[in-house]
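The values are calculated or read from the model by the stated rules, or taken from the named source; none is laboratory data. Just so you know, these numbers come straight off a predicted model, no measurement behind them. In this analysis, Cβ positions are derived from the backbone assuming ideal geometry, glycine residues included, and neighbour counts consider all displayed protein chains.
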Amino acid sequence: MSPGILHEKMHLFVAKGLKSGSQSLEPNERIEPRVVRWSEAIAMCHDGLIEDAKTIAAIFLADRWLRS
């Protein structure tokens, strides 16, 4: 569920062994991918460098799933 008034579902996908590829962006879209180690992503959540609650929850849920 969306944290606001909207009724949207969010999905989390975990993938390993991916390779870089080209982007197909919309004309006004700008996305800058950044590759970080998994341990760094966890640390970024703890250190407040990732502030979006949905992203933090997804990273922690994925971490628990990966460790199980």
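A residue that is part of a loop (DSSP other than H, G, I, E, B), loosely packed, with under 10 Cβ neighbours inside 10 Å and at pLDDT below 90 cannot be found anywhere in region 49-60.
A Cβ distance below 7 Å, combined with a sequence gap of six or more or placement on separate chains, defines the contacts here; from region 26-55, residues that are without any contact (Cβ under 8 Å) to a residue 24 or more places away in the chain reach residues that are outside any loop (DSSP other than H, G, I, E, B) and among the charged types (D, E, K, R) in the pairs ILE42/ASP63. Examine region 15-22 for a residue that is assigned to a loop (DSSP other than H, G, I, E, B) and surrounded by 10 or more Cβ atoms within 10 Å (Cβ to Cβ), and state whether such a residue exists. No, the conditions are met nowhere in region 15-22.
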